[in-house]
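Written out below as structure tokens is the structure these notes cover.
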Amino acid sequence: MSTEREDADVETSSEGYARRFAGPVGRFFLDRQAEATLELLRPFPGASVLDVGGGHAQVTGPLLEAGHAVTILGSDASCEARVAEWTATGRARFVAGDLLAPPIPDRSHDVVLSYRLLPHVLRWPELVAVLSRLSRLAVVVDYPTRRSVNAAADLFFGLKKGVEGHTRPFTVFSDADVERAFASHGFVPTGRRPQFFFPMALHRGLRSAGLARALERAASGLGLTRVLGSPVILRLERRG
């Protein structure tokens with residue numbers, strides 16, 4: 001087993017990564033993600049939220065505007081850069097530490113959230129254990145599912161890289177694998193929101209937010225997104 005420090009969030013916290021979500025299409029992606037996130041957090045109004053690997057700042061603003069108390073955990077101090085507008089004023093808190101051995105007490109936050117991280121860490125079962133241990137009530141994660149075109153991610157990786165300019169290999173999960181991993185720590189799935197039926201790289205390549213919305217609206221209306229959409233945002237709650 002690898003003992004290297006997990007630091008995939010250094011990349012997702014960078015300005016280069018943020019540029020992948022710039023422009024109208026990127027805004028469409030982030031708005032859809034925020035909408036699903038806030039919907040899944042509706043049972044926990046005013047919850048304290050620990051965003052593990054959340055230096056990408058993609059949901060920091062929406063969480064704060066919804067009234068949640070937000071702490072961001074990053075693997076390195078540099079991961080604070082994109083959330084500094086909130087942490088510098090005390091609206092949010094940033095903690096730097098080992099993602100698999102964070103300096104944070106067990107069950108110290110109502111909800112533990114982690115986006116853009118699970119598919120990029122090597123020791124993902126250990127990350128699942130940490131997310132579960134730190135949560136008092138629920139965990140919310142996102143992941144690419146095999147029940148989608150992501151099942152052929154390896155075949156299309158070169159094409160994806162050509163469209164996006166910079167991308168990384170990632171693990172594609174079966175829903176059952178993710179659910180079993182959390183079940184071993186006492187968490188059960190209670191909410192599932194697949195985000196896109198069409199590949200995000202396709203929407204980036206077409207460069208039209210209007211077309212992206214129309215395509216995804218049609219797929220959702222046909223029930224395709226519910227069955228085959230990816231990435232999935234999954235809420236799991238602690239038993240009892």
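The values are calculated or read from the model by the stated rules, or taken from the named source; none is laboratory data. Since we're looking at a predicted model, the values are computed, not measured. Every residue, glycine among them, receives a Cβ derived from its backbone with ideal geometry; neighbour counts consider all protein chains shown. Just so you know, the surface numbers come from the protein's heavy atoms only, side chains and all, with ligands and any DNA or RNA stripped out. Shrake-Rupley method; radii C 1.70, N 1.55, O 1.52, S 1.80 Å.
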Practice prompt. Please work out which one of (1) over 30 Å from residue 211 (Cα atoms); (2) crowded, with 17+ Cβ neighbours inside 10 Å; (3) aliphatic (A, V, I, L, M) is the condition residue 101 fails and give its number.
Written response: (2)
Worksheet entry | Subset of region 83-96 [aliphatic (A, V, I, L, M) and surrounded by fewer than 20 Cβ atoms within 10 Å (Cβ to Cβ)] | 84, 88, 95, 96
Worksheet entry | Residue match in region 65-74 (condition: within 30 Å of residue 199 (Cβ to Cβ) and among the acidic types (Asp, Glu)) | yes
Item to complete: Give the residue, chosen from 27, 19, 93, that is out of contact with any Asp or Glu (no Cβ under 9 Å at 6 or more places or on another chain) and part of a strand (DSSP E or B).
Response: 93
Discussion item. Yes or no: region 66-77 includes at least one residue that is in a helix (DSSP H, G or I) and closer than 21 Å to residue 231 by Cβ.
Written reply: no
Worksheet item: Of the residues that make up region 156-172, is at least one among the small types (Gly, Ala, Ser), open to solvent by 50 Å² or more (accessible area, probe 1.4 Å) and modelled with pLDDT of 95 or more?
Response: no
Worksheet, complete the sentence: Scanning region 86-126 residue by residue, the ones that are over 13 Å from the mean Cα position of the chain (by Cα) and closer than 30 Å to residue 174 by Cβ total 16
Worksheet item: Scanning for something touching a helix residue (DSSP H, G or I) at 6+ places or on another chain (Cβ under 9 Å) and either assigned to a strand (DSSP E or B) or open to solvent by 50 Å² or more (accessible area, probe 1.4 Å) (or both), does region 56-64 turn up at least one residue?
Response: no
Worksheet item: Any residue in region 73-82 that is open to solvent by 50 Å² or more (accessible area, probe 1.4 Å) and of a type in the set (S, T, N, Q)?
Response: yes
Discussion item. Would you confirm, using the coordinates I've provided, whether residue 70 is out of contact with any His (no Cβ under 8 Å at 6 or more places or on another chain), of a type in the set (Val, Ile, Thr) and without any contact (Cβ under 8 Å) to a residue 40 or more places away in the chain?
Written reply: yes
Worksheet item: Among the listed residues 108, 114, which satisfies the condition of being crowded, with 18+ Cβ neighbours inside 10 Å and among the polar types (S, T, N, Q)?
Response: 114
Worksheet item: Could you count how many residues in region 206-226 are surrounded by 12 or more Cβ atoms within 10 Å (Cβ to Cβ) and under 25 Å from residue 177 (Cβ atoms)?
Response: 4
